[in-house]
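The values are calculated or read from the model by the stated rules, or taken from the named source; none is laboratory data. Not measured: the values here are computed from a predicted model. Virtual Cβ from ideal backbone geometry, glycine too; neighbours counted across all protein chains shown.
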Amino acid sequence: MRAWLLTLLLMAGPVLAQEVRQPAPVDPISSAYLVKLTLGLVFIIVLIFGLAWVARKMQLTPLSGQQLIRIVSAVSVGNRDRIALIEVGGEQILLGLSPGRIEKLHVLASPVSLDEQAPAYAQSPFAQKLAGLMNTQTARRNAVAQAQSKDNSDGR
């Protein structure tokens, strides 16, 4: 055991005595550095615009559930044309949307419920578990918000 310890100490001496080499400093005006910097900046800008486009397409806007006008369903019928079913004050309106033009197609007498028209995959076990998890998270958030509002009203 002592022989191993002595051997390790003797072998570590030259390694510890070596001089630590610092990397060569990078010239901030070199063309390679400027190209690398420009490409990194362009990548970040493209990433920001890409994420903004995805958020707009997926309608990931804050407070989307608390708006007065709600898009119930929408379908694309061409490159730039869509048909959308919107709900305003309990009334559902079918709209034709095209660039520069919005046209009312029909006002529904009785509102269409998405639960009646649910596709087959919505009844799968995974969909049911996911819906259950989302409902429990919503219930927890509501309970925390109510508790906080109650604490705030008690403290006044």
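Contact map, the range 90-110: first residue of a type in the set (Gly, Ala, Ser), second residue loosely packed, with under 11 Cβ neighbours inside 10 Å and modelled with pLDDT of 90 or more, Cβ cut-off under 6 Å, separation 6 or more or different chains; pairs are 96/103. Listed by first and then second residue, the pairs with beta-carbon distance under 7 Å, at least 6 apart or on different chains, first residue in the range 48-59 and closer than 16 Å to residue 76 by Cα, second part of a helix (DSSP H, G or I), form an empty list.
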